[in-house]
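Written below as structure tokens is the structure these notes are about.
The values are calculated or read from the model by the stated rules, or taken from the named source; none is laboratory data. These numbers were taken from a predicted model, which means no experiment stands behind them. Cβ sites come from the backbone with ideal geometry, for glycine too, and all protein chains shown count toward neighbours. To get the accessible areas, we keep the full protein, side chains included, count just its heavy atoms, and leave off ligands, DNA and RNA. Shrake-Rupley method; radii C 1.70, N 1.55, O 1.52, S 1.80 Å.
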Amino acid sequence: MALAKRIIPCLDVDNGRVVKGVQFVDIRDAGDPVEVARRYDAQGADELVFLDITASHEGRDTIVHVVEQVSSEIFIPLTVGGGIRAVDDVGRMLKAGADKVGINTAAIIDPDLVRRAADKYGAQCIVVAVDARCVSAEGELPRWQIYTHGGRKETGIDVIDWVQRMEQYGAGEILLTSMDRDGTKDGFDLELTRSVSDSVGIPVIASGGVGSLPHLVDGVTRGHADAVLAASIFHYGEYSVGEAKQFMAAAGIEVRL
Amino acid sequence: MNSVAVIDYGMGNLRSVSKALEHVSPDASVRVTNDPKVIAESDRVVFPGVGALPEAMAELKRLSLDKLIIDLVKEKPFLGICLGMQALFDSGEENGGCDALGILPGTVNHFGQNRADKRGHRLKVPHMGWSMLDLKQDHPMWHGVAPGSRFYFVHSYFVVAEQADTIAGVCDYGGEFCAAVAAPNIFAVQFHPEKSQALGLRILDNFMQWNGQ
């Protein structure tokens, strides 16, 4: 028996509140990050990802308090992303209690930020988040490029080149989101996931498109993902994390039960 | 009152460690500190850390904590976590190599880029996530921990302990490696009890009650 594949619920946080409709019927305040985190912890989540989508500059510090509160009560790994622009931002999140910090757009603007952050805090806490879209025409060998601004703005950067470069710079993990699949419930882009996972020596978290439990299994068995991230299937109570793990275990995947 | 010092030498997330200790021992005094006096006064000491061993050793020397640690493990219960376990050994091969505290004989080696499981699948480095622990000793720190329980690991280097009788637990990642060591007053783990949910808290609770033997 070896390392378990991880199941990671992802929460969007705006001005310190969980948004995008987490709907646990029996939770008093579904907008409270601590209550939601506690619920997923009880269900057996292997890690949690908090994505700060606060737009206003003034609201930026709210995520720090969220991380402080959650890390005081929930003793599983916590990744925080969104709005990380400088090495100091990484330090602030780690000090608040985050274990890993996700860097996305800032790495595109200044790739060396990843190197500086990894040098200072260690590769293990630097997650490079990648938003990818397929850009090849039908019949061509598949190619994917990095997009920013929620998948709207193309960068012209090839995804495979990018993740390999980020690994060299000291990224400890890749959080890979298919912008083609995000929100579709059609399942992960398995070809993308497999291409990325097989081209780097660091762990890859698959994200974007999960609509059912077989999708999680496919992400691991066919996508070669080291971890699978999902939001809506857990938030809306369609499945608990525990049910997802049981399903994966029944499919022969090693999970922490 | 039971008191514990969490050694702060600038390496990693100490808040989780201190909060987890407060969680299991609400009546204890938990202090995150690099003050040698506070560390010397505490009943027990936790030595956490993530990151690179050479930087950690440089910080310990700069803060004059290296000799303090060598002395205090002779006197009181001491828990090393992750980098805090690795630093107890003789030397590491990270970034060109460095000497460590030399309290326990052994080295700290890299997993390497060509690690594979039994079926030949390449294994990712860092070893990141929940792996099973095989217990090698009956030890007060393992109270309530069933063999084969999973703990959260995140590391690219691992300890090669010279004295087999100090190995308290092993884990498999393309081959067996030492995941926990035990010696008088010393217990050290490669995984993160403060991030390993209920079972991790159990180990911290055990530590808060351990007499070091």
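Condition (residue is open to solvent by 20 Å² or more (accessible area, probe 1.4 Å), within 24 Å of B:GLY12 (Cα to Cα) and touching a strand residue (DSSP E or B) at 6+ places or on another chain (Cβ under 6 Å)) applied to region B:65-84: is it met by at least one residue?
no
Applying the selection to region B:1-29, what residues are closer than 15 Å to B:GLU41 by Cβ, without any contact (Cβ under 8 Å) to a residue 40 or more places away in the chain and in a loop (DSSP other than H, G, I, E, B)? Break it down into steps so the answer makes sense when it comes.
Filtering region B:1-29 down to residues closer than 15 Å to B:GLU41 by Cβ leaves B:1-7, B:28-29.
Keeping just the survivors that are without any contact (Cβ under 8 Å) to a residue 40 or more places away in the chain gives B:1, B:29.
Residue satisfying the conditions is B:MET1 alone.
Just wondering, is there one or more residues in region B:40-50 that are outside any strand (DSSP E or B), open to solvent by 10 Å² or more (accessible area, probe 1.4 Å) and closer than 30 Å to A:VAL64 by Cβ?
Let us first name the residues in region B:40-50 that are outside any strand (DSSP E or B), namely B:40-43, B:48-50.
Next cut, open to solvent by 10 Å² or more (accessible area, probe 1.4 Å) only: B:40-41, B:43, B:50.
Those still in the list that are closer than 30 Å to A:VAL64 by Cβ too: B:50.
There is at least one residue in region B:40-50 that is outside any strand (DSSP E or B), open to solvent by 10 Å² or more (accessible area, probe 1.4 Å) and closer than 30 Å to A:VAL64 by Cβ.
So B:PRO140 fits all but one of (1) modelled with pLDDT of 95 or more; (2) closer than 28 Å to A:LEU48 by Cα; what number is the exception?
(2)
Please specify each residue of region B:1-15 satisfying the condition of being within 16 Å of A:ALA96 (Cβ to Cβ) and either among the acidic types (Asp, Glu) or crowded, with 24+ Cβ neighbours inside 10 Å (or both).
Across region B:1-15, the qualifying residues are B:ASP8, B:GLY12, B:ASN13.
Just need a number here: residues in region B:58-91 that are within 14 Å of another protein chain (Cβ to nearest Cβ) and in contact with a Cys (Cβ under 9 Å, 6 or more places away or on another chain).
Residues meeting the conditions: 1.
Which ones in region A:1-26 are within 14 Å of chain B (Cβ to nearest Cβ), outside any strand (DSSP E or B) and either at pLDDT 90 or above or surrounded by 22 or more Cβ atoms within 10 Å (Cβ to Cβ) (or both)?
Step one: filter region A:1-26 for residues within 14 Å of chain B (Cβ to nearest Cβ), giving A:1-8.
After this cut, where a residue has to be outside any strand (DSSP E or B) as well, the list is A:1-5.
Correct list: A:LEU3, A:ALA4, A:LYS5.
Return the pairs, sorted by first residue and then second, in which the second residue is buried (at least 24 other Cβ atoms within 10 Å of the Cβ) and part of a helix (DSSP H, G or I), the first residue lies in region A:88-102 and is touching a residue at least 60 places away in the same chain (Cβ under 8 Å), the beta carbons are less than 6 Å apart, and the residues are 6+ apart or on different chains.
The qualifying pairs are A:LYS100/A:CYS125.
Condition first: farther than 22 Å from A:GLY150 by Cβ and out of contact with any strand residue (DSSP E or B) (no Cβ under 7 Å at 6 or more places or on another chain). Now tell me which residues in region A:202-216 satisfy that. Spell out the reasoning first.
Residues of region A:202-216 farther than 22 Å from A:GLY150 by Cβ: A:202-203, A:212-214, A:216.
Selection gives A:SER212, A:LEU213, A:PRO214.
Could you pull out the residue among A:VAL127, A:VAL66 that is out of contact with any helix residue (DSSP H, G or I) (no Cβ under 8 Å at 6 or more places or on another chain) and within 14 Å of chain B (Cβ to nearest Cβ)? So that I can check it myself, show each step before the final result.
Working: A:VAL66 fails: out of contact with any helix residue (DSSP H, G or I) (no Cβ under 8 Å at 6 or more places or on another chain).
None of the others qualify; the one that does is A:VAL127.
Restricting attention to region A:86-97, does a residue exist that is within 14 Å of chain B (Cβ to nearest Cβ) and touching an Asp or Glu at 6+ places or on another chain (Cβ under 8 Å)?
Taking every residue of region A:86-97 in turn, at least one turns out to be within 14 Å of chain B (Cβ to nearest Cβ) and touching an Asp or Glu at 6+ places or on another chain (Cβ under 8 Å).
Return the total of residues in region B:110-144 being closer than 28 Å to B:LEU79 by Cβ and among the polar types (S, T, N, Q).
Residues flagged as closer than 28 Å to B:LEU79 by Cβ and among the polar types (S, T, N, Q) within region B:110-144 amount to 2.
Is region B:150-167 home to any residue that is more than 9 Å from chain A (Cβ to nearest Cβ) and in contact with an Asp or Glu (Cβ under 8 Å, 6 or more places away or on another chain)? Spell out how you get there, then give the answer.
Residues of region B:150-167 more than 9 Å from chain A (Cβ to nearest Cβ): B:151, B:157-167.
Now drop any that are not in contact with an Asp or Glu (Cβ under 8 Å, 6 or more places away or on another chain), which leaves B:157.
Yes, some residue in region B:150-167 is more than 9 Å from chain A (Cβ to nearest Cβ) and in contact with an Asp or Glu (Cβ under 8 Å, 6 or more places away or on another chain).
Step by step: first the residues of region A:53-63, then only those that are outside any helix (DSSP H, G or I) and open to solvent by 10 Å² or more (accessible area, probe 1.4 Å), then the one that is nearest to the other protein chains (Cβ to nearest Cβ). Which residue is that? I'd like the intermediate steps shown before the answer.
Start the filter on region A:53-63 by keeping residues that are outside any helix (DSSP H, G or I), which leaves A:53-57.
From what's left, open to solvent by 10 Å² or more (accessible area, probe 1.4 Å): A:53, A:55-57.
On the way: A:ILE53: 23, A:ALA55: 27, A:SER56: 26, A:HIS57: 25 Å.
For region A:53-63, the residue satisfying everything is A:ILE53.
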